[in-house]
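Right, one structure below, let's go through it.
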Amino acid sequence: MKISGAEIVARCLQEEGVEFVFGYPGGAVLEIYDAIFQQDKFKHVLVRHEQAAVHAADGYSRSSKKVGVALVTSGPGATNAVTGIATAYLDSIPMVVISGQVATPAIGLDAFQEVDMVGITRPCVKHNFLVRDVNELAETFKKAFYIAQTGRPGPVVIDIPKDVTQAMTEFNYPESVSIRSYVPAGRGHPGQIRKAVSLISEAKRPFIYVGGGAVLADACEEVRDLVRLLNAPCTNTLMGLGAYPATDRQFVGMLGMHGTYEANMAMQNCDVLIAVGARFDDRVVSVPEKFLAVPKKIIHIDIDPSSIAKRVKVDIPIVGNVKDVLHEMLALIRQTNVHIDSIALEAWWQQIEEWRKPNSLLYVQDQEIIKPQYVVEKLWEVTNGQAIITSDVGQHQMFAAQYYKFDRPKQWINSGGLGTMGFGLPAAMGAQLANPDATVACITGEASIQMNIQELSTCKQYHTPVKIVNLNNRYLGMVRQWQEFFYGNRYSESYMDALPDFVKLAEAYGHVGVRVEKPADVEPVLKEFFSSKYKERLVFFDFMTDQKVNVFPMVGNGKGLDEMDLPPHMRNNGGGDGDRDYGNLC
Amino acid sequence: MRHILSILIENEAGALSRVVGLFSARGYNIDSLTVSTTEDATLSRMTIVTHGSDDVIEQITKQLNKLIEVVKVIDLNESDHIEREMMLIKVRATGKDREEMKRMADIFRGRIIDVTEKTYTIELTGTSEKLGAFIEALDRTVILETVRTGASGIGRGERILKI
Ligand SMILES: Cc1ncc(C[n+]2csc(CCOP(=O)(O)OP(=O)(O)O)c2C)c(N)n1
C-alpha cells in the first residue's frame with residue numbers, strides 16, 4: 001500500500017520508538033503535521049519558538065538515553081533552530097532535526113520561506129540530508145538515527161521538501177543500516193591498552209580527568225571502578241559532572257577556568273594523567289605549553305580520533321568506545337594485579353589534601369544580601385542532591401557546577417560547548433518530559449531566562465512542573481565580572497535594566513512565583529516550594545542576589561592552571577573582599 | 001610543508017562542499033583541489049594539495065575522515081607517489097616568437113593543440129613544479145591566458161587507494 005511521504009515521516013519516528021517530537025508548524029511541514037494529527041503513538045510538544053524546540057529535544061536526550069527529535073518548518077523555522085543545533089553539536093548530543101523545505105521545483109529560486117538549510121547547518125551538524133525522492137525517505141531516517149547515536153554522537157538534520165511529503169510510495173523501514181564510509185570506532189587497540197596499564201603501574205602522582213564522553217558512553221560505572229581501584233584522585237569537566245560522584249572523597253571537584261584549586265593543581269602537577277572522554281578544551285587547558293611545563297605522561301581515551309592531539313599531544317592515545325576501553329583496562333589491571341606505589345600515592349594524597357584544605361569554594365553568607373552560592377548549596381540540600389539541574393550561561397552556571405554536588409550522570413544539563421543563554425528552561429522542559437517523576441530545576445540568571453521566557457507557556461500547556469531558580473543580580477554577571485577584572489570596571493551594557501516583575505510574569509503564565517530578598521528566607525522558601533504541595537506546579541523563584549559576587553577560582557585567559565585568581569581568603573595579602581574596587585555598580 | 005592528500009568520497013550531492021567547508025571553517029589551506037568520479041560511479045576521487053605543519057596535516061586527515069561521506073584518506077607524501085597536473089596556456093606567437101614558442105613547448109614536452117595566426121595554445125602535463133618552471137621560462141608579456149587543473153596524485157607500485 002502506498003502512503004505519503006508525510007505519513008512515512010510519522011511511521012519512521014514510530015519505528016524509532018520516539019516518544020516526543022518538539023516542534024512548530026508552518027507551510028512546508030503542513031503535510032507532516034497532518035500525519036501527526038492522525039496518529040497517537042508519539043506526542044507532539046508545541047513550543048513557542050523553534051530554538052526552544054531543539055533545546056527541549058536536547059534536554060530530553062541529555063536526561064535520558066534517547067535521541068531527541070525536533071520538527072520545524074522551512075525558512076525562519078529552520079534558521080531559528082540553528083542555535084539549538086549548534087548547541088547540541090558542540091556537546092555531542094544525539095538528535096534528529098527535521099526541517100521542511102520548499103518543493104523541489106522551487107529550490108534555488110528564492111522561493112517564499114526558502115533557505116539552504118543543508119548549507120546553513122553543514123558546519124554544525126554531524127551530518128545532514130536533503131531528501132529529494134520519497135523513495136529515499138525511510139532509509140534516510142534509518143541512517144539519521146544511526147549516525148546521530150553511534151560513534152561520537154551529534155545532531156543530524158533531515159531537510160524534506162514539501163512535494164516529497166506529498167508524494168506516495170510503499171513504506172518499508174529498513175531493519176538495519178550500514179554505511180561503508182562511516183565506521184564508528186570500536187573497542188580500542190589491545191596493545192595501546194596494555195601500554196596504558198603498564199604506564200599506570202609506574203605512576204607516582206596519577207590523576208583521572210573525566211569528561212562528557214564518559215557520560216555519553218554510559219561509562220560512569222567503569223570510571224568509578226577505575227578511580228577506586230587505583231585509589232587515584234579524580235576530576236570531572238563541566239560536561240562530565242556526575243560521571244564520578246561529587247560527594248566522594250576521591251573527587252577533587254571540577255577543573256578548568258572555574259575549577260577548584262585542588263583539581264587544577266592536581267591536573268598541573270600529576271605525572272600520569274588518564275583522560276577519559278575529555279578533550280583538553282580551552283576552558284580546561286588554556287595554554288597547552290604551560291600545562292605541559294610540568295612533565296607528565298598522558299593516556300587519552302576517546303571515541304573521536306580528531307579529539308586526540310588536537311590541542312595537547314598525548315603519549316598513549318586509545319581510540320575507542322570509552323566504556324569498552326575502560327572495561328578492558330580494568331580487566332587487565334585486575335588480572336595483572338597492578339598497584340601504584342603506595343608510598344608515592346600517599347604522599348600525593350597528602351599534597352592534594354593540603355591543596356584542598358583552604359577550600360577554594362569558601363564564601364561567607366552574611367545577614368544582609370543573598371549570596372548566589374548559598375542558594376545553590378541550599379537547593380542541593382533541599383532536593384537531597386537528587387534533582388536534575390539544567391542551567392543557562394553565566395555566573396549562575398558556574399555556581400551550579402561548583403556547589404550542586406552531582407552524584408550521578410545525566411543529572412547536570414548545560415550548554416558547555418556553545419555556551420548558549422536561553423538553553424536552561426526549554427532543556428528543563430525536555431528533561432521533565434523524559435523524567436516525569438523527577439524534580440527538575442533550572443538554575444538561571446535574569447538575563448538568560450529572558451532569552452526563552454516564552455516557554456513558560458509551553459510548560460503550562462504540557463504540565464511540566466519545573467522549578468526555575470533565578471539568581472537575580474540585575475547584571476550580565478559573567479560579563480560584569482570580566483569587565484571588572486580586565487576592563488577597568490567599565491560596565492559597558494552589562495546592567496539589566498527594566499526587568500519585569502518575575503513573580504507577576506510567572507503568574508501571568510499561570511504559574512507560581514515567589515521573590516526572595518533575605519538570606520534567612522532562602523531555605524524555608526525552597527523547602528516550601530519544593531515540597532509535595534507544589535509538585536505539580538511550575539515555581540519561579542526570584543532570588544535577589546549580591547551584585548558584586550565573582551566566580552572563583554578563575555584561570556584567566558593565557559594563564560596556566562596553577563596561576564589561578566583565588567578567592568579573597570586564599571590571597572597572599574590576606575584577602576578580605578575590600579581589596580577589590582568594584583567601581584560604581586548600579 | 002606541502003602535502004598531497006588523496007580522498008575517496010561518496011559521489012553524492014553536497015559531498016564536495018563538506019570537504020571545502022571543512023577547510024575554510026577550520027582555517028586550513030587549499031592550494032589546489034581536483035575531483036572527478038572513478039571507475040566506480042558511486043565514488044569520487046579527490047586530490048587536495050595543502051600545506052601546514054605535521055600537526056595540522058594530522059588534524060586535517062582526521063577531520064576529513066570524520067566526514068560521513070569520506071570513505072578513505074591517504075597522505076601521498078607518506079610514501080612514493082606520482083603527481084601530475086595539466087595546464088593549458090595560450091601565448092602570443094608572432095614573428096620570430098613563433099618559432100621560439102614551438103621550441104620551448106618541445107623542450108617541456110608540451111603539445112600545441114590550437115593554432116591561430118597570432119597565438120598558440122599549448123597543453124603541458126607534469127608536476128606542478130614543472131608547469132611553474134615553464135611559466136617562468138616564458139617572457140611574461142607573451143602569456144595571454146593560463147588554466148591549470150591542480151595536481152592529481154597516485155601512489156607508486158602496489159600502494160592502492162580503494163575500498
Ligand atoms: C546567546 C548568548 N549571548 C551572549 C552570551 C554572552 N554571555 C555569557 S554569560 C552572559 C551573562 C549572563 O547573564 P545572566 O543570565 O544574568 O547570568 P549571570 O552571569 O548574571 O549569572 C552573557 C551575555 C552568551 N553566552 N549567549
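The values are calculated or read from the model by the stated rules, or taken from the named source; none is laboratory data. Model, not experiment: these values are computed from the prediction. Cβ placement follows ideal geometry from the backbone for every residue including glycine, while neighbour counts extend to all protein chains displayed. Note: accessible area is taken over every heavy atom of the protein model, side chains too, but ligands, DNA and RNA are not part of it. Shrake-Rupley method; radii C 1.70, N 1.55, O 1.52, S 1.80 Å.
Which condition number does A:Trp482 fail, the rest of (1) within 14 Å of the ligand (Cβ to nearest atom); (2) closer than 30 Å to A:Gly513 by Cα being met? Checking A:Trp482 against (1) within 14 Å of the ligand (Cβ to nearest atom); (2) closer than 30 Å to A:Gly513 by Cα, the one that fails is (2). Among the criteria (1) touching a strand residue (DSSP E or B) at 6+ places or on another chain (Cβ under 6 Å); (2) more than 16 Å from A:Glu222 (Cβ to Cβ); (3) more than 14 Å from chain B (Cβ to nearest Cβ), the one A:Ile308 does not fulfil is (3). Restricting attention to segment B:17-43, the residues that are surrounded by fewer than 17 Cβ atoms within 10 Å (Cβ to Cβ), within 11 Å of chain A (Cβ to nearest Cβ) and over 15 Å from A:Cys124 (Cα atoms) total 1. Screening A:Gly186 against (1) part of a loop (DSSP other than H, G, I, E, B); (2) modelled with pLDDT of 95 or more; (3) loosely packed, with under 14 Cβ neighbours inside 10 Å leaves a single unmet condition, (2). Close contacts from segment A:295-306, counting a first residue that is farther than 21 Å from A:Ile147 by Cα and a second that is part of a loop (DSSP other than H, G, I, E, B), with Cβ to Cβ under 6 Å and a gap of 6+ residues or different chains, come to A:Lys296/A:Cys270; A:Lys296/A:Asp271; A:Lys297/A:Asp315; A:Ile298/A:Val314; A:Ile298/A:Asp315; A:His300/A:Ile308; A:His300/A:Val314. Could you please let me know if B:Ser6 is crowded, with 16+ Cβ neighbours inside 10 Å, at pLDDT 95 or above, under 21 Å from the mean Cα position of the chain (by Cα) and assigned to a strand (DSSP E or B)? Answer is yes for this residue.
Pairing each residue of segment A:174-198 that is more than 12 Å from chain B (Cβ to nearest Cβ) with any residue that is exposed (fewer than 13 other Cβ atoms within 10 Å of the Cβ), provided the two are 6+ apart or on different chains, yields no C-beta distance under 6 Å.
Does any residue of segment A:401-408 turn out to be aromatic (Phe, Trp, Tyr), away from the ligand (no atom under 16 Å from the Cβ), away from every other protein chain (no Cβ under 14 Å) and surrounded by 22 or more Cβ atoms within 10 Å (Cβ to Cβ)? Looking for residues that are aromatic (Phe, Trp, Tyr), away from the ligand (no atom under 16 Å from the Cβ), away from every other protein chain (no Cβ under 14 Å) and surrounded by 22 or more Cβ atoms within 10 Å (Cβ to Cβ), one finds at least one in segment A:401-408, hence yes.
In the condition set (1) at negative phi; (2) open to solvent by less than 20 Å² (accessible area, probe 1.4 Å); (3) outside any helix (DSSP H, G or I), A:Gly253 is compliant with all but (1).
Whether any residue in segment A:47-62 is open to solvent by 60 Å² or more (accessible area, probe 1.4 Å) and free of Cβ contacts under 8 Å to residues at least 40 places away in the same chain is what I want to check. No: segment A:47-62 contains no residue that is open to solvent by 60 Å² or more (accessible area, probe 1.4 Å) and free of Cβ contacts under 8 Å to residues at least 40 places away in the same chain.
Could you please find all residues in segment A:266-297 being surrounded by fewer than 23 Cβ atoms within 10 Å (Cβ to Cβ) and outside any loop (DSSP other than H, G, I, E, B)?
Pass one, segment A:266-297, residues surrounded by fewer than 23 Cβ atoms within 10 Å (Cβ to Cβ): A:268-269, A:271, A:281-283, A:286-297.
A:Gln268, A:Asn269, A:Pro288, A:Glu289, A:Lys290, A:Phe291, A:Lys297 - these are the residues of segment A:266-297 that are surrounded by fewer than 23 Cβ atoms within 10 Å (Cβ to Cβ) and outside any loop (DSSP other than H, G, I, E, B).
Looking across segment A:167-180, the residues that are outside any loop (DSSP other than H, G, I, E, B) and more than 15 Å from A:Phe129 (Cα to Cα) come down to A:Met168, A:Thr169, A:Glu170.
Being among the hydrophobic types (A, V, I, L, M, F, W, C) and touching a Pro at 6+ places or on another chain (Cβ under 9 Å) narrows it down to one of A:Leu230, A:Leu226, so name that one.
Details: A:Leu226 fails: touching a Pro at 6+ places or on another chain (Cβ under 9 Å).
The match here is A:Leu230.
Only one of A:Pro409, A:Pro358 is within 15 Å of the chain's Cα centre (by Cα) and touching a residue at least 12 places away in the same chain (Cβ under 8 Å); which? None of the other options fit; the residue is A:Pro409. The combined condition, being under 19 Å from A:Asn231 (Cβ atoms) and aliphatic (A, V, I, L, M), is not fulfilled by A:Ile316. Can you spot a residue in segment B:44-52 that is more than 11 Å from chain A (Cβ to nearest Cβ), open to solvent by 10 Å² or more (accessible area, probe 1.4 Å), among the small types (Gly, Ala, Ser) and within 25 Å of A:Tyr89 (Cα to Cα)? No, segment B:44-52 contains no residue that is more than 11 Å from chain A (Cβ to nearest Cβ), open to solvent by 10 Å² or more (accessible area, probe 1.4 Å), among the small types (Gly, Ala, Ser) and within 25 Å of A:Tyr89 (Cα to Cα).
Residues of segment A:449-467 that are away from the ligand (no atom under 12 Å from the Cβ) and under 26 Å from A:Ile369 (Cβ atoms): A:Lys467 alone.
Listed by position, the strands (runs of 3 or more DSSP E) inside segment B:53-163 whose residues that are within 14 Å of another protein chain (Cβ to nearest Cβ) and within 25 Å of A:Asp304 (Cβ to Cβ) number at least 2 are B:70-75.
Given the criteria open to solvent by less than 50 Å² (accessible area, probe 1.4 Å), assigned to a helix (DSSP H, G or I) and among the acidic types (Asp, Glu), does A:Glu528 qualify? Taking the combined requirement at face value, the residue does not satisfy it. Consider segment A:425-448 and keep the residues that are within 15 Å of the ligand (Cβ to nearest atom) and not hydrophobic (A, V, I, L, M, F, W, C). The one that is nearest to A:Val47 (Cα to Cα) is A:Pro426.
Would you kindly identify the helices (runs of 4 or more DSSP H) lying entirely within segment A:64-166 that contain at least 1 residues that are over 25 Å from the mean Cα position of the chain (by Cα) and within 30 Å of B:Arg26 (Cα to Cα)? Outline the logic, then answer.
Working: elements: A:76-90, A:117-121, A:137-149, A:162-166.
Output list reads A:76-90, A:117-121, A:137-149.
Which ones in segment A:192-219 are within 30 Å of A:Asn414 (Cα to Cα), open to solvent by less than 10 Å² (accessible area, probe 1.4 Å) and in a helix (DSSP H, G or I)? Once the filter is applied, which keeps residues that are within 30 Å of A:Asn414 (Cα to Cα), open to solvent by less than 10 Å² (accessible area, probe 1.4 Å) and in a helix (DSSP H, G or I), segment A:192-219 yields only A:Ala214.
Suppose the filter is touching a residue at least 40 places away in the same chain (Cβ under 8 Å) and out of contact with any Leu (no Cβ under 8 Å at 6 or more places or on another chain); does A:Gly119 pass it?
On the way: touching a residue at least 40 places away in the same chain (Cβ under 8 Å): no; out of contact with any Leu (no Cβ under 8 Å at 6 or more places or on another chain): yes.
For A:Gly119, the condition - touching a residue at least 40 places away in the same chain (Cβ under 8 Å) and out of contact with any Leu (no Cβ under 8 Å at 6 or more places or on another chain) - is not met.
Each row is one residue, and each column tells you yes or no for (1) in contact with an Asp or Glu (Cβ under 6 Å, 6 or more places away or on another chain); (2) among the small types (Gly, Ala, Ser); (3) within 15 Å of the ligand (Cβ to nearest atom); (4) more than 28 Å from A:Gln454 (Cβ to Cβ).
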site: A:Asn473; (1), (2), (3), (4): no, no, yes, no
site: A:Lys527; (1), (2), (3), (4): no, no, no, yes
site: A:Arg537; (1), (2), (3), (4): no, no, no, no
site: A:Phe541; (1), (2), (3), (4): no, no, yes, no
site: A:Lys548; (1), (2), (3), (4): no, no, yes, yes
site: A:Met570; (1), (2), (3), (4): no, no, no, yes
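Please verify whether segment B:77-94 includes one or more residues that are open to solvent by less than 50 Å² (accessible area, probe 1.4 Å) and either among the aromatic types (Phe, Trp, Tyr) or closer than 30 Å to A:Arg152 by Cα (or both). No - not one qualifying residue is present in segment B:77-94.
Here's a check for you: in segment A:398-427, which residue that is small (Gly, Ala, Ser) and part of a loop (DSSP other than H, G, I, E, B) is nearest to A:Asn236 (Cα to Cα)? Step through it out loud before you land on a result.
Just the residues of segment A:398-427 that are small (Gly, Ala, Ser), to begin with: A:400-401, A:415-417, A:419, A:422, A:424, A:427.
This time we only want the ones that are part of a loop (DSSP other than H, G, I, E, B), so: A:415-417, A:419, A:422.
Details: A:Ser415: 16, A:Gly416: 13, A:Gly417: 15, A:Gly419: 18, A:Gly422: 24 Å.
The residue in question is A:Gly416.
For segment A:119-154, the tally of residues that are within 14 Å of another protein chain (Cβ to nearest Cβ) and either touching a His at 6+ places or on another chain (Cβ under 9 Å) or of a type in the set (A, V, I, L, M) (or both) stands at 9.
Of all the residues in segment A:99-142, those that are within 30 Å of A:Ala214 (Cβ to Cβ) and open to solvent by 50 Å² or more (accessible area, probe 1.4 Å) number 2.
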